[in-house]
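As structure tokens, the structure follows; a few thoughts come after it.
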Amino acid sequence: MKRIIIAIDGPAASGKSTTAKRVAAALGYLHIDTGAMYRAMALKVLRAKIEPRDKKKVAALADSTTVRLVNRNGQVHVVLDGMEVSDEIRLPEVTNMVSPVSTVPEVRTLMVKEQRAMGTDGGIVLEGRDIGTIVFPNADLKIFMRADARERAVRRKKELEGKGVAVSLDVLEQEILDRDRIDSERSVSPLRKADDAVEVDTTHLSIEQQVEFIVARANAIIGNGSV
Ligand code: DC
């Protein structure tokens with residue numbers, strides 16, 4: 001059976017990760033969270049105490065960096081220069097500096113090369129900002145997820161509360177809007193919907209509805225049923 005490439009793009013906290021993970025599980029595909037790779041680079045910048053907006057220094061650091069996503073028994077681990085960093089990359093300090101770090105062209109070149117290598121055989125769901133536009137412009141199925149900023153802040157708050165972290169809703173909404181702005185306005189591969197992507201507004205959708213919608217589309221392409 002044909003094993004396709006599915007690209008899921010969208011702004012921060014639009015529900016991409018949970019949805020992409022479940023779509024991949026439903027199809028028996030590999031799930032690649034490309035944001036995790038940019039987060040790993042941001043963690044390295046943080047540890048090196050480099051100013052994230054100093055593009056030259058960040059680029060030089062990227063030159064001597066390897067970021068790999070390693071699949072162990074169906075769990076994807078983020079490995080930075082040979083060391084597991086899956087938990088640290090979710091720290092709020094990393095979240096707050098990942099957008100400027102990911103505007104650096106050398107950082108993007110490094111990540112895109114790795115992402116393309118992982119996707120060559122298909123059977124993969126990649127989520128990020130530039131998958132349908134830059135990484136795999138010929139992806140078989142492209143989804144662009146949106147949701148209101150307030151709703152995204154509510155979701156992020158719940159997720160953080162689950163980890164015992166209390167943050168105000170207004171602060172979270174502002175952080176999300178700031179990341180949207182940097183991700184959409186950067187000159188290299190900005191966040192934008194590919195012309196042939198299917199737009200899914202998740203503001204009023206449940207995770208189950210989003211997953212069902214995407215899996216049905218995928219199955220129609222694979223030849224496994226109809227939309
Ligand atoms: O999906 P996320 O919120 O974990 O992504 C973290 C950051 O990484 C995001 O603010 C922008 C950057 N990113 C990117 O530039 N390109 C991607 N394909 C994925 C993420």
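The table below lists the values:
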| quantity | calculated |
| --- | --- |
| 5 angstrom amide H check on Leu30, placed H, neighbours 5+ away | Ile124, Val125 |
| Taking the chain and dividing mean pair separation by its residue count, relative contact order in percent (alpha carbons under 8 Å, at least six apart) | 32 |
| Derived scalar couplings ³J(HN,Hα) [segment 134-150; Karplus, 6.51 cos²θ - 1.76 cosθ + 1.60; whole Hz; x for Gly, Pro] | 10, 6, 10, x, 9, 3, 6, 9, 10, 10, 10, 9, 10, 6, 4, 4, 4 |
| Sequence ranges 22-30, 79-87, 135-143, ranked by mean other-Cβ count within 10 angstrom, highest first | 135-143, 22-30, 79-87 |
| Charge dipole (debye, nearest 20) of the chain; +1 at Cβ of Lys and Arg, -1 at Cβ of Asp and Glu | 340 |
| Pairwise label distance in nanometres, Lys158 with Asp54, each label 7 Å out on the Cα-Cβ vector | 4.1 |
| Karplus-derived 3J(HN,Hα), 6.51/-1.76/1.60, for each residue of segment 158-170, Hz, glycine and proline x | 4, 4, 5, 4, x, 9, x, 9, 9, 9, 6, 4, 5 |
| More than 22 angstrom apart: percent of Cα pairs within the chain | 50 |
| Val79 versus Thr18: modelled label distance in nm, points set 7 Å from Cα along the beta carbon direction | 3.0 |
| Beta bridge orientation in the chain: antiparallel %, DSSP, nearest 5 | 30 |
| CD proxy at 222 nm, helix term only [per DSSP H run n ≥ 4: -39500 (n - 2.57); per residue of the chain; nearest 500] | -15000 deg cm²/dmol |
| Calculated SAXS-style log₁₀ I(q)/I(0) at q = 0.12, 0.16, 0.17, 0.18 Å⁻¹ - segment 1-121, Debye, Cα scatterers | -0.44, -0.78, -0.87, -0.97 |
| Cα coordinate range in segment 113-184, projected on the principal axes (Å, largest first) | 42, 25, 20 |
| Pair Ala220, Ile182: separation of 7 Å Cα→Cβ label points (nm) | 3.8 |
| 5 Å-binned pair-distance histogram of segment 144-227 (Cα, whole percent) | 3, 13, 15, 18, 18, 14, 11, 6, 2, 0 |
| Cα-Cα pairs of segment 78-123 separated by more than 13 Å (percent) | 68 |
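All of the numbers you see were taken from the coordinates with simple rules; none came from a lab. All values derive from a computational prediction rather than experimental measurement. No Cβ is skipped: glycine too gets one built from the backbone with ideal geometry, and neighbour counts run over all protein chains shown.
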